[in-house]
Each structure stands twice: as structure tokens, then as C-alpha cells.
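Below is one structure; the comments refer to it alone.
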Amino acid sequence: MSSPLPAAPRFRMSKPDWLASPKVLRTEVLAGLVVALALIPEAISFSIIAGVDPGIGLFASFTMAVVISVVGGRKAMISAATGAVALVIAPLNREHGLGHLVAAVILAGVFQVILGVLGVARLMRFVPRSVMVGFVNALAILIFTAQVPEMHDVPWAVYPLLAGGLTLMVFFPKVTKVLPAPLVSIVVLTVITVAAGIAVPTVGDKGELPSSLPVPGLPDVPFTVDTLTTIAPYALAMALVGLMESLMTAKLVDDITDTPSNKTRESVGQGIANIVTGFFGGMGGCAMIGQTMINVKVSGARTRLSTFLAGSFLMVLCIVFGPVVSDIPMAALVAVMVMVSVGTFDWHSIRPATLRRMPLGETVVMVATVVVVVATHNLAVGVVVGSVTAMIIFARRVAHLADVCGVVDPEGKQVVYAVTGELFFASSNDLVHRFDYKGDPDDVVIDLSGTHVWDASSVAALDAVETKYAQRGKKVTITGLNEPSADMRRRLAGQLTGGH
């Protein structure tokens, strides 16, 4: 009798986390709406920076948010058109036109997918905490300074509206948290300005909103090697800047929500989102830090639904409710962003008590990161400069921990040098000068059990020590090497001078 067929495997689909409760669903929906409202003027502004029509930036924000909500590795993070990307690709658009810009966006997405697969996200482990703090503080400063033009040379009515918006966002949560305070502030200020006929700058003044959905298509460029060589440098720069900002933002959201995220998936997801955005004629983008803070920190969103709805609501607001959205006073959105900047800044990091306890090097790294970011308006450049500064300070600090102590035996026939600390390029440079080549007895022992040999510079330094003693007819015995150090010395000893 034949045995029964094995039962078919049963697949269970897990329930989306945004369906956990009506409260979570409400939070995610309202957060998406607030972010969508905040995205509109930002996307239009970044379109102007890139030198393209406002619709190009709005389309990019729509496709980036919707795609990354599915393929991204960090829940609740908002990706859209950003200023950093706009600055990178603006020269390409100015010199070669929109077709080349769109082609560069697609190629940048391909680069990001490749970098993600190669594990570029693992480089985040080399970003020190002091750089992260500087990144956050610089971000808060940039968000605030970006609002200053909206408060300069404007009708006097802007200022009481701005004050009213800030007051609402501070005190409304004390009454109820059912509705997000930023949304209430935007609605109330819009109703006041429209009902009273107050003439103040509005969202509509930033540019015309699109009236239809984007249509996919190929970029209008010749598919030649010349085109590839033209767009490749811009695409690579965009890929690197976009990944840097996205991974730093993901790490920031990890800390705020106390939940981990898949940085490799996020890297690949950013690439896929940019590829899709390029085929829909968008200007590309990356994680949008200010809007992410609105979504996560201000509105309390925690799932992919808020990201998806931010992009979806953006297009609905533009296409269906364009005239209403155009009447939103800029003062309302400026108030939201000012609250975001205040909430983002790490005030604890600049308290006198904190600065007194913090090592000077840590403070220098934080300040360097802030200064470079604010000066260049480029978060990626600031993170690189801050990380390099931290590595230099660390290398100097560790180099000073290496020490050499010599003990001569009572009969004066042998000297034993104990080397402690870490031997690498910074500390090994001084190693050669720590021995008494002329006065030491003929038998010299160098005990390295208290150290580790990290690089070729250290092996070369040990070779130089042996050579100097040999020139005086003295014998050197090196002992105590751990296995990795001994293996490196076996491979490199005597091979680093090129015979000179």
C-alpha cells in the first residue's frame, strides 16, 4: 500500500503591524497626512534648486516614498526629493538638460543597489557617537536656517501666525493627543487666513502643483558611451550622498524608536526607489531627515504605512485638493519645521556639565561635524570630515599608550625590553628611538607579549631595531608575539625595505 502524500505546506501571512490596533492605524494615517503637507513646499523648493519644474520634485517625492515603504529597510522613514541630491545634479541639468538628469538618477539607483549588495552599510559601524551627535545638531540647525527666508521680508501678519502655530503645537498635546498637533496647527492657521482674507505667502506661491499622475518612460537621451561618461560622475556622487544621508537617518530613527533596521536592505531599497523614480521622470532623492522627524518624533509613526501614505496623500493633495493646498500659509509649515528643529537638537550635548565631563577630543569631533555641515549644507561631507577627525584623534591617543621599559640583568649580560600598548603606524614611528643601541649589552630580548602588531609599519620598525643592533654586533631575540602578530611578522619581516 503506497504511503500517503505529504501534506501541502501551510503558509501564514503575518498581519501588518499597522493593523495592531485602531489607535496605531489612526496614528499612521494622520502622520502620513502631516508629512505629505510638509513635503509639498520642500519638494517645490528643491525642484527650484535643481533647476526643474516643481512637478519633477513632487513626482520624485511621491515615487520615492511609495517605493521605499515597500522595499526599504527602516520602517517609518521618509524618502523623497532632497536638497543634497538637488545640489549634486543641478549642474548636470543646467549643462545637459532634463534627459541627462533623469538618466543620472536611474544610474545612481543602479550604483546604490550595487553598493548595497557589496555591504557599504557595514561602514556605518565606523561612525563614532560624537559624529552622530554632531550630525543631529547640524541637521537641526539646517532645518531652522532653511526657514529663515520664510520669516524675512514678509507681511507683518506672518509673525503672529507663526507664533500662534508654535503655541498650538506646544499646548495642544496637553489637551489631547488623538490628533497630531502639527495637523491641527496647519488646519487652524489655514482657516484663519482664508476666512479673514489675510494676505500672506502660501504654498501656491512656491510653484504650480501638478494636475495628473506621472507617466513612466525612458529618459530622452542618446544611449551612447558619451552619455554614460557624462552622467556617471554625477550619478556616483548622488549615490554616495544619498546613501550616506539615508543610512545616517536610519541610524537616528533606530535610536529614537529603540528598534533595529536592515541597513543593507535600506541601501538596496534606496537604489530601487531611485530607479523607479527615474523611469517616472523624477529628480531622485534619499531619506528626508526633517520629514522623517515629523513622522517619527512629532507624529509618533512607527510603520511602513505612514511612509506609503505620505507619498500617496502627496499626489492626492496636489491633484484633487490642489486649490485648497495652495491656500495653506507658509507660516503654518514654517512653525512645524521650527518645532522639528528644536526637538531634533541634542540640547544635552551642549550643557556645561556635559561638556566638562566629555573628553576634549569628543567635543572637537562634534563641533567639527556641525561646522562643516552648516558651512557646506552637505550632511555627507560633514559626516566624512567628522569621522576622519575622530580617527586621527583616536590614533594619536592610542599611539601615546605604547611604552617601552628596559631591565638589565644583574650581571649586565642581557637586557629585556617589555613593549606594551598597540603597535601600528602612529605608535611604531617612535619605537625605533626607544632603545639604547650603543649602551646595551650584546644580548637583547624584546618581549612583545603585552602588545599586538597591527600593520606593516610596525614590522618595519621591528626590522629597523634589529638592524641597528646588528650593525653593532649585538643579537636581538623577539619573544611573546601572539599568533596573528607572529604570522604578520613571518610574512613581512625583511621584505619591506626593497633591499636598501
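The values are calculated or read from the model by the stated rules, or taken from the named source; none is laboratory data. All figures in this text were calculated on a predicted structure; none of them were measured in a lab. Note: ideal-geometry Cβ built from the backbone for every residue, glycine included; neighbour counts use all protein chains shown. When the accessible area is computed, the model is the full protein with side chains, heavy atoms only, and any ligands, DNA or RNA have been set aside. Shrake-Rupley method; radii C 1.70, N 1.55, O 1.52, S 1.80 Å.
Things worth noting here:
- Within segment 143-167, being open to solvent by 30 Å² or more (accessible area, probe 1.4 Å) and either among the aromatic types (Phe, Trp, Tyr) or not in a helix (DSSP H, G or I) (or both) holds for Phe144, His152, Asp153, Val154, Pro155, Trp156, Tyr159.
- Residues satisfying the stated conditions in segment 71-83, i.e. closer than 19 Å to Val35 by Cα and part of a helix (DSSP H, G or I): Gly83
- Only one of the listed residues (Gly284, Gly290) is crowded, with 24+ Cβ neighbours inside 10 Å and either without any contact (Cβ under 8 Å) to a residue 40 or more places away in the chain or within 17 Å of Val35 (Cβ to Cβ) (or both). That residue is Gly290.
- The number of residues in segment 91-101 that are under 17 Å from Ala239 (Cα atoms) and open to solvent by 10 Å² or more (accessible area, probe 1.4 Å) comes to 3.
- For first residues located in segment 237-249 and crowded, with 24+ Cβ neighbours inside 10 Å, partners that are of a type in the set (Asp, Glu) and lie 6+ apart or on another chain with Cβ distances below 9 Å form the pairs Leu243/Glu266; Ser246/Glu266; Leu247/Glu266.
- For segment 429-441, a tally of residues being without any contact (Cβ under 8 Å) to a residue 12 or more places away in the chain and in a loop (DSSP other than H, G, I, E, B) returns 1.
- Val336 being aliphatic (A, V, I, L, M) and at pLDDT 95 or above: no
- For the condition open to solvent by 30 Å² or more (accessible area, probe 1.4 Å), farther than 26 Å from Leu58 by Cβ and aliphatic (A, V, I, L, M), Leu218 does not qualify.
- Subset of segment 429-447 (residues that are closer than 25 Å to Ile392 by Cα and open to solvent by less than 50 Å² (accessible area, probe 1.4 Å)): Leu431, Val432
- Any hit, segment 82-104, residues being touching a Ser or Thr at 6+ places or on another chain (Cβ under 6 Å) and in contact (Cβ under 8 Å) with a residue 60 or more places away in the chain: no
- If the condition is being of a type in the set (A, V, I, L, M), modelled with pLDDT of 95 or more and farther than 17 Å from Thr227 by Cα, then segment 81-114 contributes Val113, Ile114.
- Residue match in segment 300-311 (condition: among the aromatic types (Phe, Trp, Tyr) and under 25 Å from Pro201 (Cα atoms)): no
- For segment 30-69, residues that are at pLDDT 95 or above and surrounded by fewer than 18 Cβ atoms within 10 Å (Cβ to Cβ) total 0.
- Listed here are the helices (runs of 4 or more DSSP H) enclosed by segment 168-284 that have at least 3 residues being in the same structural domain as Ala43 (by the TED database), within 29 Å of Thr303 (Cβ to Cβ) and touching a strand residue (DSSP E or B) at 6+ places or on another chain (Cβ under 7 Å): 225-257.
- Ala140 being open to solvent by less than 10 Å² (accessible area, probe 1.4 Å), in a loop (DSSP other than H, G, I, E, B), under 30 Å from Thr202 (Cβ atoms) and small (Gly, Ala, Ser): no
- Near pairs, Cβ below 7 angstrom, 6+ apart or cross-chain, from segment 170-189 (over 14 Å from Val29 (Cα atoms)) to any residue that is modelled with pLDDT under 85 and open to solvent by 80 Å² or more (accessible area, probe 1.4 Å): none
- Annotation note: of Ala426, Ala486, the sole residue that is more than 30 Å from Gly361 (Cβ to Cβ), in a helix (DSSP H, G or I) and open to solvent by less than 70 Å² (accessible area, probe 1.4 Å) is Ala486.
- Scanning segment 342-351 for residues that are farther than 14 Å from Ser299 by Cα and assigned to a helix (DSSP H, G or I) yields Val342, Trp347, His348, Ser349, Ile350.
- Residue in segment 121-132 that is among the small types (Gly, Ala, Ser), part of a helix (DSSP H, G or I) and buried (at least 19 other Cβ atoms within 10 Å of the Cβ) present: yes
- Filter result for Leu139 (in contact with a Leu (Cβ under 8 Å, 6 or more places away or on another chain) and assigned by the TED database to the domain that holds Ala196): yes
- Per-region count, segment 327-353, residues under 12 Å from Val133 (Cβ atoms) and either of a type in the set (Ser, Thr, Tyr) or crowded, with 22+ Cβ neighbours inside 10 Å (or both): 2
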